[in-house]
Structure formats: C-alpha cells, structure tokens
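The values are calculated or read from the model by the stated rules, or taken from the named source; none is laboratory data. Bear in mind that the values here come from a model prediction, so they are computed numbers and not experimental data. For neighbour counting, all protein chains shown are included, and Cβ atoms are generated from backbone atoms with ideal geometry for every residue, glycine included.
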Amino acid sequence: MTNEMNDELRNQQSPLKAACRRIAVANQKGGVGKTTTTINLGAALDKAGKRVLIVDGDPQGSLTSWLGLNGGVGDREIGRVLSGLIPFVDAIHQLEESNLHVIPIDHAMNDLKWVFEAKESWETSLRKEMNSWPLNYDYIIFDCPASYNPLLVNFLVAADEVVIPVQTEILSLNSTIPFLERLSEIRNTLNPNLKIAGILPVMFDSRTRHSQEILNRMREAPNLSKFMFATIIRKNVRLTEGPMRFRTILRTSPSSSGAMDYMALAEEIIRQEGKTEIEANSPDKNVTLTFAEDSASE
Ligand SMILES: Nc1ncnc2c1ncn2[C@@H]1O[C@H](COP(=O)(O)OP(=O)(O)OP(=O)(O)O)[C@@H](O)[C@H]1O
Ligand SMILES: [Mg+2]
C-alpha cells in the first residue's frame with residue numbers, strides 16, 4: 001500500500017463514530033470457527049452497509065493468510081501496535097475489491113507475551129491505544145487466539161462484547177464453561193462493561209442426532225440459554241474453501257448455506273444495536289452450568 005493510501009485511511013477515521021461496537025470472537029478451545037466467524041461476519045456486516053474493521057489477533061495468522069495479506073504486511077500489523085511501535089490507525093489495510101478494512105498480524109510476533117509483561121498495565125495497552133483515535137467504524141471485530149494469554153486478555157479488555165462460537169459437539173460445549181468463567185473474571189476486574197453478544201452454535205450438522213442434542217442442551221442449560229443466538233451456522237464445505245481463494249464466502253459462494261447463515265448472524269447482531277441493558281446480557285458473577293457428564297449418543 002502506498003503512503004497516499006495510508007493517509008487516506010487515516011483521514012477516514014474522523015469524525016468520531018459514536019456507536020462503534022468492538023466485538024471479540026473468542027473461545028479458549030481451538031478449531032471452533034473463530035477465524036471463519038470473524039471473516040464472514042465481517043463481510044456480512046459490510047454487505048449490510050456497515051463500516052467494518054477486522055483484526056487478526058492470533059499469531060498463527062490464519063485470518064491474515066486467508067485474506068492473502070501475509071506477503072505484504074510490512075510493518076503495518078497488530079504486533080507493532082501492541083509493542084507501541086506504530087499507531088493503531090497506521091496498521092489498517094483496505095482489502096482489494098471490498099470495503100472491509102483489516103489489521104493483519106506478523107507471524108514473527110509470537111513473543112508478545114514478553115512485550116506485555118515488561119509494561120505496567122499491559123492488560124489495557126490495546127484499549128488505551130484504540131481510545132486515543134476517533135475510529136470511524138460501526139464494528140471492529142477481533143479474531144482471538146485459542147489460548148488464554150496476554151494477547152487474548154488485551155482483546156477482551158479492548159472489546160465491549162464477545163461472540164463465542166461453540167461447535168455443536170460435547171467436547172466443545174464442555175470447554176466453553178471455563179471460558180465463561182474467565183469472562184466473568186475479566187468483567188469483575190479489568191472490563192466491567194464486557195457483555196456477551198451471544199453464544200454461536202457452529203458446524204451444526206442436521207444429519208446427526210449428536211449435533212441436535214448438543215444444540216438442545218445449549219438452549220436449555222441454565223445460565224447459558226439466555227446467551228444463545230437464534231442463528232445457527234451449519235456445517236458447509238464452502239466455508240472451508242475461502243482460504244484457498246483469499247475470499248470470504250459472500251464472494252466465493254454467495255448462495256451457499258454458509259453465506260446465508262453468516263448474513264442471518266449479521267442481521268441478528270445489527271438488531272442488538274442500541275441495547276444498553278448490560279445486566280440482561282452479561283456473564284454472571286459466578287457462572288455455574290449444569291450439564292450431564294455423559295456424552296450425547298450419536
Ligand atoms: N460451518 C463450518 N462448516 C464446515 N467447516 C467449518 C465451519 N466453520 C469452520 N470450519 C472449518 O473448521 C476449521 C476450524 O475453523 P477456524 O480456523 O475458523 O477455527 P478457529 O477457532 O479460528 O481455530 P484456531 O483455534 O486454530 O484459531 C477450518 O478448517 C474451517 O474451514
Ligand atoms: Mg483461528
């Protein structure tokens with residue numbers, strides 16, 4: 001990207017957008033569709049007319065390489081923002097053929113842990129840096145890492161809301177409970193405004209009883225049911241093809257079930273706009289979830 005382009009992106013950041021929603025797509029479990037959700041939800045919100053920035057917050061760099069940016073990131077990536085080397089707005093890229101804006105990550109930034117721990121109040125680094133810019137977006141979405149590390153803490157502190165993708169299978173469901181407890185901790189200490197935008201059932205396979213049973217359990221479980229999105233993301237092979245083509249599903253297969261599901265999710269999230277009742281939509285102080293120990297039968 002040229003310097004002129006960079007200036008243009010900086011200029012687009014004013015005037016201040018009052019109602020920018022910062023959403024962390026997060027779950028401590030790996031491979032549950034966090035990156036797939038970040039990219040395709042971002043694209044769907046963009047298609048619905050919203051101004052969207054997506055941020056790769058995982059040193060694996062899946063989102064960055066999915067969008068074909070890993071060759072041309074240069075210095076403009078989230079690791080250098082978190083290290084205090086460049087301002088947040090200077091890390092933004094605009095995708096070709098799309099209005100989506102993206103902050104990629106450099107794979108070499110795996111050691112951010114030490115950068116953070118050397119700083120006082122490292123937990124709030126990103127939030128402070130973002131708050132010092134008038135960011136002109138409706139949505140900023142963070143693709144979070146699977147492990148509970150200083151990077152994830154920074155994103156959960158910088159965010160106002162969390163979308164939690166959960167695969168409709170028993171192991172994924174069970175590993176969600178400790179994550180909800182972590183969110184309660186963050187809310188009770190570093191970020192009292194953190195809300196759960198919703199728990200998102202993903203990779204739902206209507207052909208198996210297991211998928212259906214896990215979905216039922218999620219919708220019936222005390223302390224969990226109130227967080228469930230109505231939208232379900234079905235298993236769809238088209239969603240796995242995006243990375244090969246550096247495109248979101250809305251471009252590669254706009255009439256697929258995957259594209260329709262992510263459009264439905266975007267609409268559900270847009271309907272939440274302006275809701276202020278934090279209590280109704282926040283992790284409880286002490287999350288206690290009751291699930292049967294047995295795994296559901298196939
Ligand atoms: N609805 C879906 N249908 C079919 N495959 C899917 C679906 N959602 C995600 N996948 C596939 O599942 C795998 C894991 O998805 P993804 O990379 O988005 O998960 P993740 O939570 O970001 O993983 P990690 O923890 O490694 O960052 C990928 O191969 C992706 O293509
Ligand atoms: Mg990922």
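Rundown of residues vs (1) charged (D, E, K, R); (2) under 30 Å from Gln94 (Cβ atoms); (3) buried (at least 18 other Cβ atoms within 10 Å of the Cβ), yes/no style:
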{"site": "Asp205", "(1), (2), (3)": "yes, no, no"}
{"site": "Leu224", "(1), (2), (3)": "no, no, yes"}
{"site": "Asn236", "(1), (2), (3)": "no, yes, yes"}
{"site": "Arg247", "(1), (2), (3)": "yes, yes, yes"}
| said: Within the stretch 194-206, does at least one residue satisfy the condition of being assigned to a helix (DSSP H, G or I) and either at pLDDT below 95 or in contact with a Leu (Cβ under 7 Å, 6 or more places away or on another chain) (or both)? | reply: no
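Condition check ((1) at pLDDT 90 or above; (2) under 19 Å from Cys144 (Cα atoms); (3) not hydrophobic (A, V, I, L, M, F, W, C)) across all residues:
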site	(1), (2), (3)
Thr37	yes, yes, yes
Lys47	yes, no, yes
Leu63	yes, yes, no
His107	no, yes, yes
| query | If we only count helices (runs of 4 or more DSSP H) wholly inside the stretch 229-298, which ones have 2 or more residues that are over 19 Å from the mean Cα position of the chain (by Cα) and modelled with pLDDT of 65 or more? | reply | 238-245, 249-252
| task | Name the residue, out of Val162, Val166, Val157, that is crowded, with 18+ Cβ neighbours inside 10 Å and in a helix (DSSP H, G or I). | result | Val157
| task | Could you grab me the full set of residues in the stretch 26-40 that are among the small types (Gly, Ala, Ser) and out of contact with any Phe, Trp or Tyr (no Cβ under 8 Å at 6 or more places or on another chain)? | result | Gly30, Gly31, Gly33
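Every residue, every condition in (1) in a loop (DSSP other than H, G, I, E, B); (2) away from ligand 2 (no atom under 16 Å from the Cβ); (3) in contact with a helix residue (DSSP H, G or I) (Cβ under 7 Å, 6 or more places away or on another chain), yes or no:
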{"site": "Asp75", "(1), (2), (3)": "yes, yes, no"}
{"site": "Gly84", "(1), (2), (3)": "yes, yes, no"}
{"site": "Trp133", "(1), (2), (3)": "yes, yes, yes"}
{"site": "Ile141", "(1), (2), (3)": "no, no, yes"}
{"site": "Ser147", "(1), (2), (3)": "yes, no, no"}
| query | Restricting attention to the stretch 112-122, does a residue exist that is away from ligand 1 (no atom under 16 Å from the Cβ) and crowded, with 22+ Cβ neighbours inside 10 Å? | reply | no
| message | For the stretch 169-186, give me the residue count where each residue is among the acidic types (Asp, Glu) and crowded, with 18+ Cβ neighbours inside 10 Å. | response | 1
| message | Against the condition more than 12 Å from ligand 2 (Cβ to nearest atom), within 11 Å of the chain's Cα centre (by Cα) and modelled with pLDDT of 90 or more, how does Ala24 come out, does it pass? | response | yes
| request: Identify the single condition in (1) under 17 Å from Cys144 (Cα atoms); (2) within 16 Å of ligand 2 (Cβ to nearest atom) that Leu69 does not satisfy, given that it satisfies every other one. | output: (1)
| query | Quick check: anything in the stretch 167-176 more than 22 Å from Gln60 (Cβ to Cβ), touching a residue at least 40 places away in the same chain (Cβ under 8 Å) and either among the small types (Gly, Ala, Ser) or in contact with a strand residue (DSSP E or B) (Cβ under 9 Å, 6 or more places away or on another chain) (or both)? | reply | yes
| field | Residue that is free of Cβ contacts under 8 Å to residues at least 40 places away in the same chain and of a type outside the set (Lys, Arg), where the choices are Ala264, Ala221, Ala259, Ala197 | value | Ala264
